[in-house]
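Nothing in this text is a laboratory measurement; each read-out follows from the coordinates by a stated rule. What you see is a predicted model; the values in this text were computed from it and never measured. When we count neighbours, we look across all protein chains shown, and the Cβ atoms used for this are built from the backbone with ideal geometry, even at glycine.
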Amino acid sequence: MYFFVTLFSAIAVANLVIILADSDSRIIYSSWMLIINSSIAAGLSLIALIKDRSNIKKDKTAIHLTIGLVFWFIANIIWGYYEIILDIVSPVPSLADLFLLSAYGFLIYRLLVTYKQLGKITNKKTIYFVSIGTGLFLIYILNLMLSLTEISNSRGLMLFIVTIAYPILNSILTVLALTILLNIKNERHHFIPWVCELVGLLAIVIGDSWFAIIVLTAFVEQIWISAILLSAHYLLIAGGLVWYLRHYSTWDLRTSDNVVTKKIRKIFSIKIILLFLIPSAFVLILLYLPINSVLLANQAGISWIYPTFHKPPQSNSIYQEHIVGAIIPLSGSLSSIGKPVLASLEKAEGDVNGYFEYHNMSSRVKLMVADSKTSPEESLAAIKYLYSFGARVIVGPATSTAVSAVLDFANENNITLLSYASTSPKLSIGGDSLFRLVPDDKSQGKVMAEKMMDDGIKVIVPFWRADIYGNELVNATKSYFEKLGGKTEEGVNYKPHTGKFATSLHRINFIMWNQELKKMNTMVSDAITKYGKESVGVYVISYDEITPILIQAQLFDNLGKVSWYGSDGIAENHHLTKNIDSANFATQTGFTNPLYSVGMDNQTSHVMDGTSSGDTDGEHDGSMTYTATAYDSFWIASKSLVTNSTMDRNQADVSGEGFNEILVEIAESYDGITGKIDLNLAGDRISENYDFWYVVKDNITDVFNWEAEPKYLGSNH
């Protein structure tokens, strides 16, 4: 009992780092935990093999177990290298697959040898039922995979074979292990290790088959559960090895057995366990309360438990300080712009305060940041958090969906929003608290329609996010394209998920896109038949999930025969160019993406040096545009706050109609990084200045990069 309490406690503690991490960090932490835990299991197996080498002649299955665990450890290192270091998807099949599948061969052989040594088998009915149940499960998985996978080409076929191989091999291991367990229960020195291994194998079966639940329920945010199960599997095997080494190995680990046992029982007494479990349960419940209760946490002085938010500013400054809030997608499906924007705002904070100091002004500004997680719900929690600390002017949110979620709260509480990336025409409302330093998507739709028409495209098949951003942009582009004489097919929309899995490079993610891409392939095929491939274009409105979309799109022949066009949420996406499959498809189809072009010829543009390059680990996803607009937004917010305070206005009532009038005056007189700012009556920037971005390959280095070709320069350039 004490052994299993200790073992499961160790598993729980080890996996807390995954459970408590945000959606983006979970993939990194999961890779590290798999590497660490598999190394522990492989290390203990090697120790047992070395210390018990006298028994190898009698029982060589220990060698097979060790080889299998070592191979799994090597495979996890390779997976970690792809996911953590390279941040790309591994090829199919990969070297990791080779080691993983080879490990199964050694482990299955080990179980078969052990099975043959058992002699007479009891509980045959139980084994039959387990085998039948496992067979039905495999039939279900196979049928599900066949309905989702495109196997008409070699890559799709290999993906199918590799993906289905794991549940098949896991099921074989499970049936064999269960058979052994039911017939070895009277041999105590083997029983506990086999219990650990059996439960571990069941954890692997569930973990590897979790994709079936994901596909059926769209439970994509819980992909991390699979990592926890796989991580627990290694610790369970490690626990069994510790038990064997402790009690039945020829290597004596039983020195002072009574003393150790007494200490363990004292540590894990019922009272101690209860005293540990109750506070732990309370903390976990508190951590997973609805995020809106962050205000309660702030009042209680425990806001530190919410890692979503940066620490609120603390200051004993002699200057009059003004808080400028910022809502940034540091995680989620638009996290690619999060770090560059944060770096830009931090630089703006320093530059503004330096400007105030140079002019001997008594005011200073403080930046306070919250993560939107590219989620409307989290964005609402973020603005409430910032408001609770006195922020009345907020830079952000970035997406139109997030802005829509917080706008009512902002209007009701006199909070002024300066969005640096939101573009939906639906949010162009005069008299509200929203201002945007980028033009709305009517401009982008017009520019994109003209571009496609100039390229000879007569019919487009749209593929777009079914949110306020995607719906409004596709409607704007469709309207202008049809006015120019083009035709728009019905197309396919998809439900945008928040969180890392929506944009990750996990293989399950590819399979999930097959359903939508199959529909697209059929529509494009029909359009090619009617109009010819030179006249057909695919029009994509997406965020970071564009990478798995393009990787899977290459499986469908017709999708690669036509030109592809995208949107400002895709331009300069670094994941797209880092993954060879997606980059190749982008170059093959001439994938063209518009992005609002800021006036970087301005003499002050040098202040952004480093903000969108070295400080962001080489991630440049639209960063020049969004870092520049965010930088200017911070300056405008800061100057407006100081101007408002010098007009003897009530500082507590920062916002409202009077403050917004000041902000408009400051914005239109401000000549910043993005050039002159002209706002329409809805508070949106007026401009049709767009660049078109393409993916090109450097034939010398074989590296893919984004390059801009200015194609449409409106009158405001």
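Computed quantities for the displayed model
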{"read-out": "Filter on LYS347/LYS373; LYS458/LYS578; LYS451/LYS697; LYS442/LYS518 - keep pairs with C-alpha separation over 26 Å", "value": "LYS458/LYS578; LYS442/LYS518"}
{"read-out": "Stretch gain in nm, segment ILE63-ASP557, where the contour uses 0.36 nm per residue and the Cα spacing is subtracted", "value": "173.1 nm"}
{"read-out": "For peptides 376-384, 666-674, sequence by mean Cβ density within 10 Å, most packed first", "value": "376-384, 666-674"}
{"read-out": "Footprinting exposure proxy for HIS574, HIS359 (fewest neighbouring C-beta atoms within 10 Å first)", "value": "HIS359, HIS574"}
{"read-out": "Förster radius 41 Å - calculated FRET efficiency between SER25 and ILE318, Cβ distance, rounded to 0.05", "value": "0.60"}
{"read-out": "Projected label distance in nm at ILE85 and THR522, using a 7 Å step from Cα toward the beta-carbon", "value": "4.4"}
{"read-out": "Cβ-based exposure ranking for GLU516, GLU482, GLU572, GLU709, in which fewest neighbours within 10 Å come first", "value": "GLU709, GLU482, GLU516, GLU572"}
{"read-out": "Chain lengthening between VAL17 and HIS247 when straightened (0.36 nm per residue, less Cα-Cα)", "value": "79.7 nm"}
{"read-out": "Sorted peptide list for 419-425, 89-95, criterion being average Cβ within 10 angstrom, highest first", "value": "419-425, 89-95"}
{"read-out": "Footprinting exposure proxy for ASP441, ASP581, ASP432, ASP526 (fewest neighbouring C-beta atoms within 10 Å first)", "value": "ASP526, ASP432, ASP581, ASP441"}
{"read-out": "Rough spin-label spacing in nm, given labels placed 7 Å along Cα→Cβ, for ILE686 and ILE206", "value": "6.2"}
{"read-out": "Distance in nm between pseudo-label sites at ASN699 and ASP351 (7 Å out along the Cβ direction from Cα)", "value": "4.0"}
{"read-out": "Highest to lowest packing among 472-481, 2-11, scored as the average C-beta count within 10 Å", "value": "472-481, 2-11"}
{"read-out": "Anisotropy class of the stretch 74-204 from Cα gyration tensor, a/c 1.5 cut", "value": "oblate"}
{"read-out": "Cα shape, the stretch 432-556, gyration tensor, a/c 1.5 rule", "value": "oblate"}
